[in-house]
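Every number here is computed from the coordinates shown, using simple stated rules; none is lab data. As the structure is a prediction and not an experimental result, all values here were calculated from the model. Here Cβ is always computed from backbone atoms with ideal geometry, including for glycine, and neighbour counts include all displayed protein chains.
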């Protein structure tokens, strides 16, 4: 692994998984991927490798042949498939809301803004349901990467936030209150970021 690809936190999680689950089951893989969704793929791949090693170890003393290797690969792939299927089913039943995902990743809005290096007002507007879709590609990529979620999930939760914003505009006596929402570009332009930073988040650099 090249140095820039190292992630100390991920390595600690995988080491703990390795120590705790000597021969990981699909249930254990599902539990650990729910606990650390940002490292779900790494955990599943590690579990598949452990399963393959265990299978090869069971055949110790026998001269490995194509059939034995095929059984080991098959067992590893079956475990990987089962874990992914269970994780997908769990996600469909109880997929995280925006606040749950932010909290599960160890952030609040100011800390999340600092993490991705964007004006906190931008995330505050999103969090309050005042930023209309679509979001910019760079914000989508940054948020899904840090929170360990998909772009489809982000679009859904932003839609949910928009359906119940926390601040309403002033209403006339005979009219319902209007919702003050702005486009992604309008929010970025209204932020206190430098022009270079605004161009970056708008994908104009």
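Brief remarks on what is shown
- Seen from all directions on average, segment 98-201 presents a Cα convex hull projection of 6.7 nm².
- Value of relative contact order over segment 98-201, rounded to a whole percent, pairs C-alpha under 8 Å and six or more apart: 32 percent
- 15 Å cut-off, amide nitrogen to a point 7 angstrom out along residue 192 Cα→Cβ, residues in segment 117-148: 118-125
- Calculated FRET value between residue 159 and residue 11, using beta carbons and R₀ = 45 Å, to 0.05: 0.80
- Computed over segment 91-132, the P(r) curve from all C-alpha pair distances, binned at 10 Å from the origin, holds 28, 51, 19, 2 percent per bin.
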